[in-house]
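Written out below as structure tokens is the structure these notes cover.
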Amino acid sequence: MSKNILILPGDGIGPEIVAEAVKVIECLQAEFGLDVMMEHADVGGGAYDAHGHPLPDTTLGLARAADAILLGAVGGPQWEGLDIAVRPERALLGLRSELALFSNLRPAVLFDQLAGASSLRPEIVAGLDMMIVRELTGGIYFGQPRGVRTLEHGERQGFNTLVYKESEIERIARSAFVIAQKRAHKLCSVDKANVLESTELWRQCVSDLASDYPDVELSHMYVDNAAMQLVRAPKQFDVMVTTNMFGDILSDIAAMLTGSIGMLPSASLDAEAKGMYEPIHGSAPDIAGQGVANPLATILSVAMMLRYTLSEPALAERIDVAVGKVLDQGLRTPDIYSQDGTRVGTVAMGDAVVLALRT
Ligand code: IPM
Ligand code: MG
């Protein structure tokens with residue numbers, strides 16, 4: 001039976017980059033026997049404008065019914081003044097929690113062709129290939145109570161709660177151990193166990209599971225040190241597992257090591273490997289509509305979808321190879337452009353990937 005993919009282009013550059021990823025999916029359907037159906041829906045600021053909510057019920061319903069979701073990006077300056085409950089970002093958080101997408105995989109892979117684009121010296125980053133596994137439905141992002149209250153003397157106080165249950169820690173840790181088993185068998189768990197009780201428990205729970213994965217070498221690191229190590233010697237890491245907020249921050253650092261955040265895909269998975277796939281970068285409103293956004297992170301997100309949800313690893317590999325080919329050809333969107341490349345726009349880059357897939 002064919003699988004259902006829900007396409008959520010979203011805001012800013014979202015529609016432009018998703019259109020290129022859809023071309024890639026259509027090519028796989030037409031020429032490589034991929035059996036999927038695609039449906040489109042509104043999400044983010046555009047959905048708020050059209051329906052009064054960034055995650056309309058119809059979109060959520062389609063997302064629940066879909067086997068996989070491809071999302072572009074949400075947000076933009078025109079929605080920044082909205083109440084936090086209806087800001088475009090709430091759509092992302094809503095999809096994550098409503099669909100229980102607790103395991104967020106954020107690879108940081110440096111394509112050899114782009115070593116010069118990193119802000120670190122090539123010898124420090126060349127060959128970098130790590131995976132950050134970020135807990136995505138718990139921690140301080142969702143903990144209750146939260147809000148802004150007025151104290152007795154009239155001063156306001158903002159508060160959020162960092163909570164983790166053992167079961168939440170265990171499921172994300174197991175997901176990371178299994179990924180480490182398929183890679184270099186090294187897992188680093190990142191916490192702030194020296195200060196925060198919730199992450200002291202995190203460290204204990206992760207340690208308790210280690211005996212179930214004797215082939216994985218487990219280490220622990222405090223988050224401040226991890227941030228430093230990521231820019232000092234990033235290649236020491238294979239798989240890193242961490243909390244929702246630490247993962248948010250560390251994955252941006254890791255992304256920048258690769259030269260362009262425009263190259264990095266991500267997957268957010270539930271317990272059955274149903275997933276939402278999206279580029280790590282945001283909606284980039286400053287370049288929206290100009291046809292210059294890099295579609296490769298979204299296209300590589302399709303590769304992750306093929307690998308993790310659709311069980312089509314050979315097709316995923318084809319996409320990875322095709323992306324490698326267009327980089328070898330020297331094609332560069334402005335974000336990854338350097339002197340020796342050929343500057344291309346969003347559509348030309350997408351077309352080149354489709355052509356490379358076919359040949
Ligand atoms: C991310 C983003 C989101 C997050 C925002 C847009 C809600 O930064 O996916 O990393 O903080 O999780
Ligand atoms: Mg982030």
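Coordinate-derived values only; no laboratory data. Keep in mind it's a predicted model, so treat the numbers as computed, not measured. Here the Cβ positions follow ideal geometry from the backbone for every residue, glycine too, while neighbour counts run over all protein chains shown.
How many percent of DSSP beta bridges within the stretch 138-257 run antiparallel, rounded to 5?
Numbers: 4 of 14 bridges.
Once the DSSP bridges in the stretch 138-257 are tallied, antiparallel ones form about 30 percent.
Straight-line reach only, C-alpha to C-alpha below 15 angstrom: list the aspartates and glutamates that K186 could link to, leaving out same-chain residues fewer than 8 apart.
Once the sequence-local aspartates and glutamates are set aside, what remains near K186 is D129, D212, D215, E217, D238.
How big is the charge dipole of the chain about its Cα centre, in debye rounded to the nearest 20, if each Lys and Arg gets +1 on its Cβ and each Asp and Glu gets -1 on its Cβ?
Charge dipole, the chain, about its Cα centre: 360 debye, nearest 20.
Which value results when the Cα radius of gyration for the stretch 80-159 is divided by 2.2 N^0.38 Å?
1.68
Can you give me the relative contact order of the stretch 269-323 as a percent, contacts being Cα pairs under 8 Å and 6 or more apart? Before the final figure, lay out the partial values.
Values: 38 pairs, mean separation 18.6, N = 55.
Computed value for the stretch 269-323: 34 percent relative contact order.
On a C-alpha basis, how far is the centre of the stretch 182-231 from the centre of the stretch 274-308 in Å? Whole number, if you could?
Value for the Cα centre distance between the two parts: 29 Å.
Shape of the stretch 138-257 from its Cα gyration tensor (a ≥ b ≥ c, root eigenvalues): rounded if a/c is under 1.5, otherwise prolate when a/b > b/c, or oblate? Before the final figure, lay out the partial values.
Values: a/c = 2.69, a/b = 1.71, b/c = 1.58.
Taking the square roots of the gyration eigenvalues as a ≥ b ≥ c, the stretch 138-257 is prolate.
Relative contact order (percent) for the stretch 1-48, with alpha-carbon contacts under 8 angstrom and 6 or more residues of separation? Could the numbers behind the result be given before it?
Numbers: 48 pairs, mean separation 29.6, N = 48.
That works out to 62 percent.
Can you compute the equivalent ellipsoid semi-axes for the stretch 20-142, i.e. the square root of 5 times each eigenvalue of the Cα gyration tensor, sorted largest first and rounded to whole Å? Please list the in-between numbers first.
On the way: eigenvalues 176, 102, 49 Å².
Here the semi-axes work out to 30, 23, 16 Å.
Under 5 Å between amide hydrogens, which residues at least 5 positions from M131 or on another chain qualify, with H placed 1.01 Å from N in the peptide plane?
Residues meeting the amide H criterion: A108, V239, M240.
Could you grab the relative contact order for the chain? Cα pairs under 8 Å, six or more apart, rounded to a whole percent.
On the way: 761 pairs, mean separation 75.5, N = 359.
That works out to 21 percent.
For W202, W79, what's the fewest-to-most ordering of other Cβ within 10 Å of each Cβ? Can you show the working numbers first?
On the way: W202 29, W79 20.
Going from sparsest to densest Cβ surroundings: W79, W202.
For the chain, what does the helix formula give at 222 nm: sum of -39500 (n - 2.57) over DSSP H segments with n ≥ 4, over the residue count, nearest 500 deg cm²/dmol? Mind showing how you got there, number by number?
Details: 12 runs with 145 residues, N = 359.
Result for the chain: -12500 deg cm²/dmol, rounded to the nearest 500.
Counting other Cβ atoms within 10 Å, keep those with at most 12, restrict to DSSP loop, and tell me which GluC sites (Glu not before Pro) in the stretch 1-89 are left. Present the calculation step by step, with values, prior to reporting the outcome.
Values: sites: E16, E20, E26, E31, E39, E80, E89; in loops: E80.
Listed in order of number, the matching sites are E80.
Provide the percentage of antiparallel DSSP beta bridges, counting only those with both residues in the chain; round to the nearest 5. Could you put the intermediate results ahead of the total?
Numbers: 19 of 48 bridges.
Taking every DSSP beta bridge within the chain, about 40 percent pair in antiparallel fashion.
Could you list D212, D351 in order of exposure, starting from the residue whose Cβ has the fewest other Cβ atoms within 10 Å? Present the calculation step by step, with values, prior to reporting the outcome.
Values: D212 10, D351 16.
Going from least to most buried by this count: D212, D351.
Using Cα springs under 10 Å in a Gaussian network model of the chain, which residue among N225, N194, N294 shows the largest mean-square fluctuation?
Result: N194 has the largest fluctuation of those listed.
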